[in-house]
Amino acid sequence: MIELINLYKSYQSKDNSVIAVNGINLNVAAGKIFGIIGLSGAGKSTLIRCVNFLEKPSSGEVVINGKYLSQLSNSELHQTQQKIGMIFQHFNLLNSRTVFANIALPLELAGSSKQDINLKVNSLLQLVDLTDKKNNYPSQLSGGQKQRVAIARALANDPEVLLCDEATSALDPQTTDAILSLLKQINNKLNITILLITHEMEVVKNICDQVAVIDQGKIIEASTVENFFLNPQTQLAQNFVRTFCNEKPMPEISVEFQPQYSEGKNLIVRLTFVGNKVAEPLVTKLAKKFNIDVSILQADIETVNEKTMGFLVVELYGDKQKTTEFIDHLATYETSVKAEVLGYAN
Amino acid sequence: MPTNIWGLLLQAFAETVYMVFAAGIISFVIGIPIGILLCISDKNHIAPNPIVNQCLATVVNIGRSIPFIILMVAIIPVTRWITGTSIGTTAALVPLAVSAIPFVAKIAENAFKQVAHGLLETGKSMGASNWQLIFYILLPESRVALINGLTLTLVTLVSFSAMAGAIGGGGLGDLAIRYGYQRFNSFIMIITVVILVGLVQIIQLLGNKLSSIYNLGKHQ
Ligand SMILES: Nc1ncnc2c1ncn2[C@@H]1O[C@H](COP(=O)(O)OP(=O)(O)O)[C@@H](O)[C@H]1O
Ligand SMILES: [Mg+2]
């Protein structure tokens, strides 16, 4: 549905030039939610603004549903843009318009009749659950309500694609969850392809099917979300996953450990699980099988893209051969379990 | 004489109102589009055009820096060419409008520049053309600032119209100079001042009223 081919965008100023998007190739299948995560300044906003030609790429192609945007005339581009909804971090609602009139704006711009506008806006108000606020002004709404108005507005022209530029970054955690589930619901109900950018793992974890990591204008890693959590390849991706897990309220690992092997010390292992293999049952079953003892130092269960994932840190009591067998055995579940030796207990 | 005074005052008041509002409307009609052009031709706006922007900015700044009293005298030939005369209220409209146009252009430009860039981006993301961006976003979103600025323009025009009276433009300023200054009639002087102050108050009041109607969305 969305295809980016060799996309570049650079900004020239008098004495230097910044390459904000540096050769990006990306393919987002229809009906999917694709997340792009990166640190501030990585080029996320520039990238997503290139997708609907708010920013003209310096080179490369953007293909939306088979249309090469660079080859469209001005009026064809405007028509295509009407079919690409976009929501923003700061909502960007018009203060001079009521909720109803804000949602009606894209329909007015597209030249819809009064009657069509009425029908469409009222059904969108229902979708985002704001019918009772339709005559209010944006200044009378909370952040979450504003973003819901913006979502309704972005959907007004029945877009095939929805772009989200840090759509939840200005919201508190609870409101973030509510907005994310609304986006998921829209994706399911209307089968809209969603491309979102974010710096928050929460967003990726909650609604994305696939994720790509962007750094210095390049995609350095892309995979399904489960695989991203299970098997982050690059340092940056690993940091995202680790930081996310550590942000959760969990007991500190109570055991001191060091990276070098020393005789007779217990192994400290991080285990990541996906899907129904989750957590303790498997660990206890295998511990029995290999005749070792396992003590759980840290445990966290998360729902990632509607699948359960477990993050454990365990200490293994047993001789070296048995613990090695245990870890090797876990490795045979490669798509659903990952074991990683962190070090040796003091 | 006393009955005559009220008649004179009434006529002068009508002339002042005519000058202020006619010149005001002319300056709005010409000044606001110039303000739009100034705003959108700026380098990060929706239709960047450095040449248009620089030329307009220069003309507007020159226009704003010429004192009204000098402008009024300097453009007498133009006034005569347009209206066929250089005295009277209609003739006074020309210098009044010419001085108010750059003022309005600047005020309008500032009002438009306060519209957050994100809103125009949002419009663009909906596939809006530049015309649509101007009429659906730029103008409505800046209307409160615009109304306040235009009110200020009318107030300024009241005092300029009094000056125009000094060279035969008619109106309350003319009356004050002929009777109050040249014939030492301080009664007429005081009455004209009171009427001018009242007129400014009424204009300001109406302007505030109008902007608060449109400001509904902002504060409640
Ligand atoms: N309009 C612009 N002019 C010049 N440089 C820009 C512009 N927009 C973005 N950049 C630069 O491009 C880089 C990427 O910016 P951005 O896409 O906003 O990153 P992110 O959204 O990931 O924080 C930054 O170094 C930024 O300074
Ligand atoms: Mg950004």
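The values are calculated or read from the model by the stated rules, or taken from the named source; none is laboratory data. What you are looking at is a predicted structure, and each value in this text was computed from that prediction instead of being measured. FYI the Cβ positions are ideal-geometry reconstructions off the backbone, even for glycines, and counts take in every protein chain you see. Ligands, DNA and RNA are excluded from the accessible area calculation, which covers all protein heavy atoms including side chains. Shrake-Rupley method; radii C 1.70, N 1.55, O 1.52, S 1.80 Å.
Partner shielding of A:49-62 amounts to 1, given as the average count of beta-carbon atoms from other chains within 10 Å of each residue beta-carbon. Take every pair of alpha-carbon atoms less than 8 Å apart whose residues are at least six positions apart; their mean separation over the length of the range A:2-225 yields a relative contact order of 31 percent. Could you please state, rounded to a whole Å, how far the C-alpha centre of the range A:88-113 is from the C-alpha centre of the range B:152-220? What the calculation gives is 40 Å, centre to centre.
Surface exposure of the range A:1-99, expressed per residue as accessible area with a 1.4 Å probe, stands at 44 Å².
Report, to the nearest 10°, how far helix B:186-214 tilts away from the longest principal axis of the Cα atoms in chain B, using its own Cα long axis and a range of 0 to 90°. Roughly 20 degrees between the two axes. For the range B:2-215, averaging the sequence separation of C-alpha pairs within contact (under 8 Å, six or more residues apart) and dividing by the residue count gives a relative contact order of 27 percent.
DSSP assigns beta bridges within the protein assembly as shown; of those with both partners inside it, close to 70 percent run antiparallel.
Counting only protein heavy atoms and a probe of 1.4 Å, the accessible surface of the protein assembly as shown is 56% carbon and sulfur.
Compute the long axis of helix B:2-40 from its Cα atoms, compare it with the longest principal axis of the Cα atoms of chain B, and write down the angle in degrees, 0 to 90, nearest 10. Roughly 20 degrees between the two axes. Of all DSSP-defined beta bridges confined to the range A:2-225, some 55% are antiparallel rather than parallel. Among residues other than residue A:50 with Cβ under 10 Å from its Cβ, the summed charge is +2 (Lys and Arg +1, Asp and Glu -1).
Neighbours of residue A:263, meaning other residues whose beta-carbon lies under 13 angstrom from its beta-carbon, give a summed charge of +1 when Lys and Arg score +1 and Asp and Glu score -1. In this structure residue A:137 has an accessible area near 50 Å², from a 1.4 Å probe over the protein heavy atoms. Protection proxy ranking of B:191-198, B:96-103, by the mean of other Cβ atoms within 10 Å over each peptide's residues and highest first, is B:96-103, B:191-198. Here the contact order of the range A:74-181, divided by its residue count and restricted to Cα pairs under 8 Å and six or more residues apart, works out to 44 percent. Averaged over peptide A:90-102, the number of partner chain Cβ atoms lying within 10 Å of each residue's Cβ comes to 5. Take residue A:83: with every protein chain present and a 1.4 Å probe, its accessible area is about 80 Å². In order along the range B:131-138, the Karplus-derived 3J(HN,Hα) couplings, from 6.51 cos²θ - 1.76 cosθ + 1.60 at θ = phi - 60°, round to 4, 5, 4, 5, 7, 9, 10, 4 Hz, and Gly and Pro are given as x.
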